[in-house]
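What follows is a set of notes on a single structure, which appears directly below.
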Amino acid sequence: MNSEVNRPGTEEIVRTKSAPVVGALAKVPEVQGILCYGSYAMGTFDRLSDMDLYVLCRPAVLPAAVRRSV
């Protein structure tokens, strides 16, 4: 098992690393919610981990022009 599970400061690390993407997505009116999952959400990430974000949109598929602007 990873010795870094639930290490102190995990929440702040996730906020700092996700802030630019979440901030840009939050400006898109069709975005209804953003969920972090995977190793960052579980606190088991390491320096090679990517951040998994689920973006809930209404309508379900954003037009290409909106996707390109984010």
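Determine the relative contact order of the chain: mean sequence separation of Cα pairs under 8 Å and six or more apart, normalised by residue count, in whole percent.
Values: 60 pairs, mean separation 25.0, N = 70.
Reported relative contact order: 36 percent.
Sticking with the crude label model, points 7 Å out along Cα→Cβ, report the distance from ARG47 to THR16 in nm, one decimal please.
1.5 nm
Select one label from (i) 1.01; (ii) 1.28; (iii) 1.40: the one whose number is Cα Rg over 2.2 N^0.38 Å as derived from the coordinates shown.
(ii)
Give the angle, between 0 and 90 degrees and rounded to the nearest 10, that separates the Cα long axis of helix 10-26 from the longest principal axis of the Cα atoms of the chain.
So the helix axis and the longest Cα principal axis differ by about 10 degrees.
Just to confirm my numbers, what's the Cα centroid distance between the range 56-70 and the range 6-40 in Å?
So the two Cα centres are separated by 18 Å.
Each value in this text was obtained by applying a stated rule to the coordinates, not by laboratory testing. Predicted, not measured: the structure shown is a model, and the values here were computed from it. Note that each Cβ is placed from the backbone with ideal geometry, even for glycine, and that neighbours are counted across all protein chains shown.
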